Amino acid sequence: MDLLNLFWVFIVLTTVLPMVQKWLLERARLGAMRELERVRGSRVVTLIHRQESMALLGFPIARYIDIDDSERLLRAINLTPTEMPIDIVLHTPGGLVLASEQIADALVKHKGTVTVFVPHYAMSGGTLIALAADAVVMAPHAVLGPVDPQIGQFPAASILSVLEMKPAAEIDDQTFILADIARKAQKQVLRLVQELLEGNGMASEQAAALAHTLASGQWTHDYPIGVEEAIALGMPVQMGLPAEVYRLMDFYPQPAQRNASVQFIPMPYTQPDRPRSR
């Protein structure tokens, strides 16, 4: 075989192999979803964001909740019988408020039981979606996050604080405009969170207090809310992720750009083997 033939074989392999690998991975994901549906008697929908890699340059592209996600998830809900339980496997840094609100509104209005599984983290808009569920099941070290609105690169609460720290004569017009937008955004998110919580049966006073805690900006936007703190705040959270969810997450690997920093033998241990004494 000459070099030209070897070159064409290489081109064919580099073109076909990624397609085959993608097809096999998609089949494995669907198989894991089917297994979870069988165990739970539900429709399983995933909303999982990983960093994707550009084909040529290799730069990471961060993914967030967007309108495409809301369109697809709303279609999944519409295709589900009204009394059938829905399980959402949620792994996301957040995203557009509009898209998250659409998803949350559809979930809270679904008559069947809605359960959100959080294996690692569901921040910002992900937490907003979780609040629409009847139950949020988290891994022991998984986290949620605040839902306070962000205006551009700044938290709404921080923009509003400028009005309190400076006299009006020292504040420029743009800051006043941003503060007006921030006040409206904060009011809208507070109302949205309270309505979601009340829609799931939480008392009005408790829902208002929890909405204020999550949306008022008392924390930084990336503040991690663990299981114990979420329960203490009154969120419908419980611990104990099914093994099928962990298995499903195995089929959503982060694209490898370098050698893995964390390695282990992927099997449960009852007790490490100890060297025998003579």
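The values are calculated or read from the model by the stated rules, or taken from the named source; none is laboratory data. Not measured: the values here are computed from a predicted model. Cβ sites come from the backbone with ideal geometry, for glycine too, and all protein chains shown count toward neighbours. SASA here: full protein model, heavy atoms, side chains in, ligands and nucleic acids out. Shrake-Rupley method; radii C 1.70, N 1.55, O 1.52, S 1.80 Å.
Protection proxy ranking for 230-241, 189-200, 159-170, using the average of other Cβ atoms within 10 Å per residue and placing the highest first: 189-200, 230-241, 159-170. Residue-wise HN-Hα couplings along the range 20-33, as the Karplus relation 6.51 cos²θ - 1.76 cosθ + 1.60 with θ = phi - 60° gives them from phi, are 5, 4, 5, 5, 5, 5, 5, 5, 5, 4, 4, x, 5, 5 Hz; Gly and Pro carry x.
Exposure check, 1.4 Å probe, all protein chains in place: Thr15 carries approximately 80 Å² of accessible surface. Shown in residue order for the range 150-160 are the 3J(HN,Hα) couplings computed by the Karplus curve 6.51 cos²θ - 1.76 cosθ + 1.60 at θ = phi - 60°: 10, 10, x, 9, 10, x, 4, 4, 5, 5, 5 Hz (x for Gly and Pro). For Asp68, the accessible surface of its heavy atoms amounts to roughly 80 Å² (probe 1.4 Å, protein chains only, rounded to the nearest 10).
Residues whose amide H lies under 5 Å from that of Gly95, counting only those 5 or more places away or on a different chain, are Ile65, Gly125, Gly126; hydrogens are built 1.01 Å from N in the peptide plane.
Legend: P(r) of the range 123-239 from all alpha carbon pair distances, 5 Å bins from 0, whole percents, reading 2, 12, 21, 21, 16, 11, 8, 5, 3, 1, 0. For Lys184, the solvent-accessible surface with a 1.4 Å probe is about 110 Å², rounded to the nearest 10. Remark: spin-label model distance Thr14-Arg75 equals 3.4 nm, labels positioned 7 Å along the Cα→Cβ axis. Among the listed options (i) 38, 26, 21; (ii) 33, 19, 17; (iii) 30, 22, 21, the one matching semi-axes √(5λ) of the Cα gyration tensor in Å as calculated from these coordinates is (i). What a 1.4 Å probe finds exposed on the chain is 57% carbon and sulfur by accessible area, rounded to a whole percent. A 1.4 Å probe run over the chain, with the rest of the protein chains in place, finds 63 Å² accessible per residue. A simple rule links phi to the HN-Hα coupling: the Karplus curve 6.51 cos²θ - 1.76 cosθ + 1.60 with θ = phi - 60°, which for the range 77-94 gives 5, 5, 7, 9, x, 4, 9, 7, x, 10, 10, 10, 8, 10, 8, 7, x, x Hz, with x for Gly and Pro. Here the peptides 97-110, 129-142, 24-37 are ranked by packing, the mean other Cβ count within 10 Å, and the order with the highest first is 129-142, 97-110, 24-37. Database remark: amide H of Gly145 closer than 5 angstrom to the amide H of Ser124, Thr127, Ile225 (H placed geometrically; neighbours at sequence offset of 5 or more, or on other chains; Pro and chain starts carry no H).
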